[in-house]
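The values are calculated or read from the model by the stated rules, or taken from the named source; none is laboratory data. Keep in mind the model is a prediction, meaning the values are calculated, not measured. Every residue, glycine as well, gets a Cβ built from its backbone with ideal geometry; the counts of neighbours run over all protein chains shown. Surface areas here come from the heavy atoms of the whole protein model, side chains and all, with no ligands, DNA or RNA. Shrake-Rupley method; radii C 1.70, N 1.55, O 1.52, S 1.80 Å.
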Amino acid sequence: MAKKEETYNEAIEKLRKIVAEIEHGDLDVDILSEKVKEATRLIKLCKEKLYKVDEEVKKVLEELE
C-alpha cells in the first residue's frame with residue numbers, strides 16, 4: 001500500500017519539531033543530517049502544496065470575472 005502523503009499542517013508541525021530539536025542542540029551529527037534532509041523534504045512538500053493551492057485559487061477567481 002502506498003504511503004500517505006502528509007497534509008500541509010502535518011508537514012508544518014513536523015518542521016516545527018525538527019527546528020526545536022535542532023535549536024535544542026543535543027542532536028548527534030548523523031541524526032542532525034537526517035533531520036535536515038527530512039526538513040528539506042517537508043519544505044519542498046509545503047512549497048508544492050502552496051503553489052498548487054495558489055494556482056487553484058487564481059483559476060477560481062478568473063472564472064468569477
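As a summary of the residue check, LEU32 satisfies the conditions (1) touching a residue at least 12 places away in the same chain (Cβ under 8 Å); (2) outside any loop (DSSP other than H, G, I, E, B) except for the one numbered (1). When you look at GLU23, is it at pLDDT below 90 and either loosely packed, with under 10 Cβ neighbours inside 10 Å or over 9 Å from the mean Cα position of the chain (by Cα) (or both), yes or no? Against the criterion (at pLDDT below 90 and either loosely packed, with under 10 Cβ neighbours inside 10 Å or over 9 Å from the mean Cα position of the chain (by Cα) (or both)), GLU23 does not qualify. Run down LYS37, LYS58 and say which single residue is free of Cβ contacts under 8 Å to residues at least 24 places away in the same chain and open to solvent by 100 Å² or more (accessible area, probe 1.4 Å). Exactly one residue qualifies, and that residue is LYS37. Of all the numbered requirements in (1) open to solvent by less than 90 Å² (accessible area, probe 1.4 Å); (2) over 12 Å from the mean Cα position of the chain (by Cα); (3) aliphatic (A, V, I, L, M), LEU45 misses one, and that requirement is (2). Condition first: surrounded by 14 or more Cβ atoms within 10 Å (Cβ to Cβ), assigned to a loop (DSSP other than H, G, I, E, B) and within 9 Å of the chain's Cα centre (by Cα). Can you find one or more residues in region 3-10 that meet it? Checked against the condition, which is being surrounded by 14 or more Cβ atoms within 10 Å (Cβ to Cβ), assigned to a loop (DSSP other than H, G, I, E, B) and within 9 Å of the chain's Cα centre (by Cα), region 3-10 yields at least one hit. Beta carbons closer than 8 Å, at least 6 apart along the sequence or on distinct chains, pair a first residue in region 1-18 that is under 13 Å from GLU38 (Cα atoms) and modelled with pLDDT of 95 or more with a second that is open to solvent by 80 Å² or more (accessible area, probe 1.4 Å) and not polar (S, T, N, Q) for LEU15/ILE43.
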